[in-house]
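Values quoted throughout were computed directly from the atomic coordinates according to the rules given, and no laboratory measurement underlies them. Fair warning: this is a prediction, and the values are worked out from it, not measured in the lab. Positions of Cβ are backbone-derived with ideal geometry, glycine not excepted, and every protein chain shown enters the neighbour counts.
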Amino acid sequence: MPQSSVFRALRPAVVALVLAVTAAACAGAPGGGDEVPAGQEAEQAASSSPLDAYWSQIGTLGDADRQRHETLERLVARCMTEEGFTYEPVPYLPTSADALPGSGTLAWAREHGYGITTLAEAVSAAGGGTAGTDPNVATLNRMSDAERAAWTIAHRGAGAASTGGWQQQGCRGQAEHQLAAAALPGDDAGYLALREAYDAEPFDAASDPAVAQALAEWAGCVAAAGHPAATPDAAQDLVRDAQRAGTAKAELRALELAVAVADRTCQESTGYAAAVDAARAAHDQRFVDAHQAELDALVERWATTG
């Protein structure tokens, strides 16, 4: 088959995996199947931008690094299965709590604060294991030397310094090649142009009168709770400043949970969170209205490729 035909054949399968990864992330199940609590689901739904419906259809909603990592791991697992071996995808290791399902909700704040001192345990709780570690190690340790060698060759090729290109680098080389060769929605020129247009008119919550009023009320609320701060970002800085000052771990964790719970409670009780969500939704709806044709064309190109 000509190389260009191979690429065209690869694209639908890879894009289908991207869409599957996106759907799983949106469902709050990065580790496989965990349902989002009803209250948390409502909070997530309430804060959804009108753009989310478009981004989710083409597989660009959420953490792009996570999507690429999980798509790559699924491609490796598919290849290893075809070669007759078992392979467990390596969980993604988020570098920020913002990428975790439920982050920013009151329930999450009560358990993990901001994810400043609790990121590792929050990642583990979200993924059902220790994210970033290779779950295949235990399986490999149970194999004989011959079995382990065959598995390793199937996974990465004949050796760490394999030459001859991706064809000689096992299932991982093949998966990396597929991901690079198959044009993905996030690489689409139309998508990139839309993102550039969106970034040219960024959302500015502070300019919205309703947000400004709610923010003043929020500041009074957190001050009354014993954590004076001018903005939610400044509230997080209270924890980061204490961390930089060398505050003991247990004391720092207690401070983080207390500040985060006060912050989120006040965001809800003063209507600040709702005001920000409403302002963002209005901003994004104006963008959708101005770029309806381009967005529809983007969905038409990508939503049915799987």
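Things worth noting here:
- Cβ-based exposure ranking for S207, S56, in which fewest neighbours within 10 Å come first: S207, S56
- Remark: region 101-117, residue by residue, has Karplus-estimated 3J(HN,Hα) of x, x, 4, x, 8, 5, 4, 5, 4, 4, 9, 10, x, 9, x, 7, 9 Hz, where x stands for each Gly or Pro and the curve is 6.51 cos²θ - 1.76 cosθ + 1.60 at θ = phi - 60°.
- Region 220-288: trypsin sites (Lys or Arg not before Pro) in DSSP coil with no more than 10 other Cβ atoms inside 10 Å: none
- Note, ³J(HN,Hα) from phi for region 172-180, Karplus 6.51, -1.76, 1.60, rounded to Hz, x at Gly and Pro: 5, x, 5, 5, 4, 5, 4, 5, 6
- Using the Cβ-Cβ distance between R110 and A282 with R0 set to 30 Å, the FRET efficiency from 1/(1 + (r/R0)^6) comes to roughly 0.50.
- For A230, residues with placed amide H under 5 Å, excluding near neighbours: none
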